Each structure stands twice: as C-alpha cells, then as structure tokens.
1. Could you check the simple spin-label distance between B:Glu116 and A:Ile334, using points 7 Å along Cα→Cβ, in nm with one decimal?
2. Calculated from DSSP H runs of 4 or more alone, at -39500 (n - 2.57) each and per residue, what is the 222 nm mean residue ellipticity of chain A, nearest 500?
3. Considering only A:Val281, A:Val171, A:Val43, give the residue with the highest GNM mean-square fluctuation for chain A, with springs between Cα atoms whenever their separation is below 10 Å.
4. Once you have all Cα-Cα distances for segment B:46-167, histogram them in 5 Å bins from zero and send the whole-percent values.
5. Kindly flag which residue pairs out of A:Lys63/A:Lys87; A:Lys63/B:Lys118; A:Lys40/A:Lys178; A:Lys106/A:Lys128 have an alpha-carbon separation exceeding 26 Å in this structure.
6. For labels at A:Asn226 and A:Gln123 in the simple 7 Å Cα→Cβ model, what's the distance in nm?
7. For a quick check: with amide H placed at 1.01 Å from N, whose amide H comes under 5 Å from A:His332's, ignoring anything fewer than 5 positions away on the same chain?
8. Run through segment B:104-168 and list the GluC sites (Glu not before Pro) located in a DSSP loop whose Cβ has at most 14 other Cβ atoms within 10 Å.
Amino acid sequence: MKNRRDFLKTAAAGAVLIGSQSNLGLAEMLDNHAETAKSKVVVAKDPALHGPAGSTTSQPEEKRVLDLLDRAIAAYTGNNHPVEAWKHIVPSGKVIGLKVNGLGGKGISTHATLVLAICERLQQAGVKPGNIIVWDRNARDIEACGLTISTDPSRVRVFGSDVSGYEDEPVSFGSAVKVKLSKILTRQCDMVIGLPILKDHEMAGVTFSMKNMYGVVERPNELHANGCNPGVADLNRIPTVREKVRFTIGDAMSSVCQGGPGFHPEHLWYPNSLIIGEDRVAVDHTAWKMIEARRAETGLPTLEAANRPPRYIATAADADHMLGVNDPQRIHLIEV
Amino acid sequence: MPYRLMNCRKSLLVALVGIAMVFVTATGCRKAKVDPFPSSDTVSGWQKTSDTRVFAARDLWQYIDGDSEQYISAGVVTTSTSDYKFQNQLEAVVDIYTMGDAAGATRILSTNQTSEAKSIQLGDAGIQFAQSIIFRKGPYLVRIVAYESTPSTPQALLALAHGLEAKL
C-alpha cells in the first residue's frame, strides 16, 4: 500500500489521465491505461441493518452502520484497517466537506448515523473536528437528517449554505443556465464527500450522487428542464464541483422507488446498503439499476416506460463531460 | 337650522353610509381567511410542533424541489405546511396544496392511487396508506405523512385528517 504522499501524487496524476475521476483510493488502477481502466463501485449490504426480519425499525442500528461503512471502505481500498484506509482517502490537514441530502424531509434524508460514523473515522484518521463540515442547503434540510446546527470551530461544523451564502459570480458549463455556487464548496472545503440518499425522482428519474449537487447551487430549479438533462451533467462538470467532489458514500439504507424526491412511505423500502465510489457516473448507474430492480419487484413500470429515465447519466459519461463511465463493462462492481 | 347646514349634514351622512357599504362589501361579505391547521390539542393527542410555512407556486421548489413541477402543472397556487406530533412520539407533516380548482386536486390525488390505497370517506375523496393520508376537498389537496409506522398510526392520522377537513 502506498503512503499518503504517494497516494495523493498518483491521485492527482489520475485526475489528469482520465478527466474527472480523481482516483482517490484507486492507486492500483492508476497503473492501467484510462481506456481499459474500470471504475470501482462497492455495494455493501447488511440485511439486518434495520433489525431482524419481521421487526423492521425506521432507523438503522448505529453499530451496524459503522460496521457496514468499514466493510465498504475495506472492500474499496483493499485495506482491512478502517482508520488506515481512511488515511488514504482524505488528504492531511485539509477541510473535508460532507454534503448530505435532507430535501426529502425526515423520512427520506441522509441518515445521521452514517454521518456520525464517517465523522468518527475521519477524526481517527487525523482530521481535526473543526476541519469537517457537514452541510446542505439550509438548516431545515440539515435538521431533517437528524443533525444539529453547530458553527463552533473546535467541533465538527454543521451548517447550511443559508449561513455561508452563495458566490455573487454565476458559473456554468455547456447549458445556458448559470448557477451561483455555495461558498461552503468554493471557499471552505478542500475536498467534498457526497452523502446522497437513494431516491426515485419525479423529473430526473433517479437522484443520487450527481443530482445531490443540486444542493450546492442557489436556484437548482433552473436546472430542472428536460428531466434535469443536461442540467445534472453540466453542473457536475463545472470545474469547482468536478475537482472538489472526490468521493461518494451513498446512503441506500432506505429509499423510495416511486414518488420521490419527497417522502412517500407507501414506496419506502430498505436496501440496507451503502454504494461507494469515486466515479459518480458509475455510482449513479449502479444506483439506477437498484431502483429499477425494486420497481420491477413491486410491479411498477421501468423508468423508461414511465417516461423519465435518468438520461443525465449517459450525458455525464459523454465526450463533452467525461465525468465517468456508465458502461457496465467498465464498472468493476464489488458486492460485499 | 339653516337649510344649507342641514343639506351639508345630509350629504355627510350619505357619504358615511356609502363608505360603510363599500367597506362591508369589500371585507365583511368575504369569507374570513381561516388557518386550516388545527392548533395543539384541537385534535386529541396531536400537537402542532412548527410554524406554518407558506410557499407560492414559484417558490415551491424550495420546499419539495423536483416534486414541485407536478403540482405547478396541476395549477397549484400556494402550499402550506406544518409539523405535528402525536402523543409526543409519532411525528408527522401536513401539506395543504391550494390548487386553482378542484380538477387540479383531483389530478394529483389520482397520481397517488396504488393497489394498496384504501379509499376513505373524507372531503370529496381520499385514500389512506399505513403511514399517510391524501384527500381533496374543493381546490384543496391535503397530504399527511407520518415518519413511523406503528399500530396506532392509521387511526391517529385519520383523526388529524378529520380535524383538518373540518376547517377547510
């Protein structure tokens, strides 16, 4: 296993080699040529996360979430020592942002247990508490995740873009829509780990890793046209977003397969999983297939048949965006 | 009393009556605006735990992001929302969508129909699931969602729904 300095060096080289993929945690992959390299995605599952079958509770068990996170990170990095593995994921002395998603309200938001588990491992890996920022659009979304606002610099900071504000200068990529980015992303975080929650989406089809970035702009509604395509891909291709959002630890512990992005408990189910990876396109492709499988199980039409397939995933993989891969042949899926 | 003074008083009286009539027409005859959200303990066991937030159609994305488009295309005018808690344990949220007309409310209700939906006698039409109730009454579409499914959830939600329906 390479040390962190080597790791970061190769990670940077990797970013140049294959565009947006930062390749954190994928040191070995960097030895391959970009054309033949596969994007690694880990799906870690614990069927008993919400209690034994027949006695399901709405909140996952804390200890099991930490174990599941460790298992996912171990599978991804090849390092069975969680703290050591994290040292290879996060750069030293930098500010790490954890972008949660609380838009769906209390019933379907990133779980606080997952956020706390990641914060614990980050600190054990040497990240100072004040160098961790848990954030989303606003206080309401953060509280929906079960988190409490805190701006105390000696502790893990938890606040929204309603506190930091947005940049005055709008930016864009491709589409005519210009967006104002959150100052938490542009000025405070050196690296962001996306912590989306898996959901069906009324317009985009699926919301997960890339769609989570709608929460970093002031007026995401302006990117909703045409099933959020190319809005999602364009937003993720904006240099600041592309370069800083380096890793996804996707919360698929509970999900809605219809009626999203809001909470529709009649369509709630418990995949009891985490989906992690650096390639957000590959992560989203994997998440999409998970939603489709559940829809098929419950007799719902495919998203294609429902006229809202997540077309933005293919757009994100195209030659203009090069944000990652959506070809299953080029995704190294590891299920643990 | 001089005739001119009498005439002046008469004119003043006519003017005052006119103003009063305009005022009554403009305000008194209009149905008073009612807050449809039951206050705490109006419905047994239910506490209203947040202020009511109101979103105009153009701002609805701030509340429900991508969900907003289906309501906008169905003619939503405003959306009001508030949190509730039952017996200090079960948390729920109530959304009241004021549509442009009853057809808009009917359209949204129909999109929520599934084979698991149970029809209920509430407002003009309503359906219930284990953790939620949706009903319409005139231009109003009401959605009540609980965050937990317990044996008492359906009955508690139904009681709150009746409390809301009575105020619409």
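Where a number appears in this text, it was derived from the coordinates with a stated rule and is not lab data. All figures in this text were calculated on a predicted structure; none of them were measured in a lab. Counting neighbours? That spans all protein chains shown, and the Cβs are built from the backbone with ideal geometry, glycine included.
1. Here the answer is 3.4 nm between the modelled labels.
2. Result for chain A: -8500 deg cm²/dmol, rounded to the nearest 500.
3. A:Val171
4. 2, 12, 23, 24, 21, 14, 4, 0
5. Long pairs (Cα-Cα over 26 Å): A:Lys63/B:Lys118; A:Lys40/A:Lys178; A:Lys106/A:Lys128.
6. So the label points at A:Asn226 and A:Gln123 sit 4.6 nm apart.
7. So A:His332 has HN proximity to A:Ser39, A:Lys40, A:Val41.
8. Loop-located and lightly packed - B:Glu116.
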